[in-house]
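The next block holds one structure in the form of structure tokens; read it before the comments.
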Amino acid sequence: MREDRKTTRIMLDMDGVVADFTSEVLSRANRMFGIAIPDEVTTWGFEEAGIGITAEMLDEIYADIKATPNFYEGQKPLITPREAVMLRQLTESSQFDVYMITARFRVQGRSVVHQCQNWVRRHIGPGFSVIVKRDKGTLCRALGIDYVLEDSPVYLDGIIKAGTNRAYLIDRPYNRDSSICPRVKSIEEFVDIVISETEGTIKRETGHGLL
Ligand SMILES: [Mg+2]
């Protein structure tokens, strides 16, 4: 018998990776200030995107989000149904632990963790750990995270400096000026990388390919 390998630990960011935060801001900008919703936002800061949102408007938009009860439970998913299946299959294998690590701020209603858990269970499935923490680098190191998927070059910088080597930036219009680490076009591409690099482990575990 081979010695059991260590569980492969995967970290996914929530906003901008699995959940659509941008559309929540843009829909409020439209409703509250009559700003036309652009096809895409190509800067990290909404107030720098040249779409008419000022810093003062953004303060009011964030105040509205914070006053929306259980805001995080209502966000639209960015993941496809196929990607949801892929993520579920990761959690169903004993070889993987999947963590959603988010720096989300508090809003009205249930705790951020509780809202995130409800959202993940509804749109993806059970079996995910949700942690709310701003210092993602220290947390990833403490958890022994092997693979990271983020949309923020700033968080990735902290995560990589803390020692996580297999970090990936998910391609979004607002992060295209970053070359901090390898870029993937989708969650599917990221999961394919994780699976291909750990395929032997999965085959021993399940007797067949994961997907
Ligand atoms: Mg994010």
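Against the chain, whose longest principal axis comes from its Cα atoms, helix 22-33 is set at around 10 degrees. Net charge within 11 Å of ASN118 by Cβ-Cβ distance, Lys/Arg positive one each and Asp/Glu negative one each, not counting ASN118 itself? After counting each charged neighbour, the total is +2. Below 11 angstrom from the Cβ of VAL85, what's the summed charge of the other residues (Lys, Arg +1; Asp, Glu -1)? Around VAL85, the charge tally is -1.
Find the relative contact order for the chain and round it to a whole percent, using C-alpha pairs within less than 8 Å whose residues are 6+ positions apart.
Normalised by residue count, the contact order of the chain is 24 percent.
Computed from point charges on the beta carbon alone (+1 for Lys and Arg, -1 for Asp and Glu), the dipole magnitude for the chain about its Cα centre is near 740 Debye. Expressed to the nearest 5 percent, the antiparallel share of DSSP beta bridges inside segment 1-145 is 15 percent.
Of the residues GLN108, TYR155, GLY52, the one whose Cα sits farthest toward the positive end of the charge dipole of the chain, with +1 on the Cβ of Lys and Arg and -1 on the Cβ of Asp and Glu, is GLN108. Ordering THR43, THR102 by the number of other Cβ atoms within 10 Å of each residue's own Cβ, fewest first, gives THR43, THR102. The Cβ shell under 14 Å around VAL17 holds other residues with a net charge of -3, Lys and Arg each +1, Asp and Glu each -1.
Under Stokes-Einstein, with the Kirkwood radius over Cα pairs standing in for Rh, what whole-number D in µm²/s applies to segment 1-98 at 37 °C and 0.692 mPa s? Answer from the Stokes-Einstein relation: 204 µm²/s.
What is the helix-to-structure angle for 55-66, meaning the angle in degrees between its Cα long axis and the longest Cα principal axis of the chain, kept from 0 to 90 and rounded to the nearest 10? The two axes meet at around 60 degrees. Pairs of Cα atoms in segment 22-72 fall into 5 Å distance bins, from 0 up to the last occupied one, in shares of 5, 22, 35, 23, 12, 3, 0 percent. Rg over Rh for the chain works out to 0.99, using Cα positions for both radii and the Kirkwood form for Rh. Using the Cβ-Cβ distance between HIS114 and THR68 with R0 set to 22 Å, the FRET efficiency from 1/(1 + (r/R0)^6) comes to roughly 0.90.
No lab work stands behind these numbers, since they all come straight from the coordinates. Predicted, not measured: the structure shown is a model, and the values here were computed from it. Cβ coordinates were reconstructed from backbone atoms using ideal geometry, including for glycine residues, and neighbour counts include every protein chain displayed.
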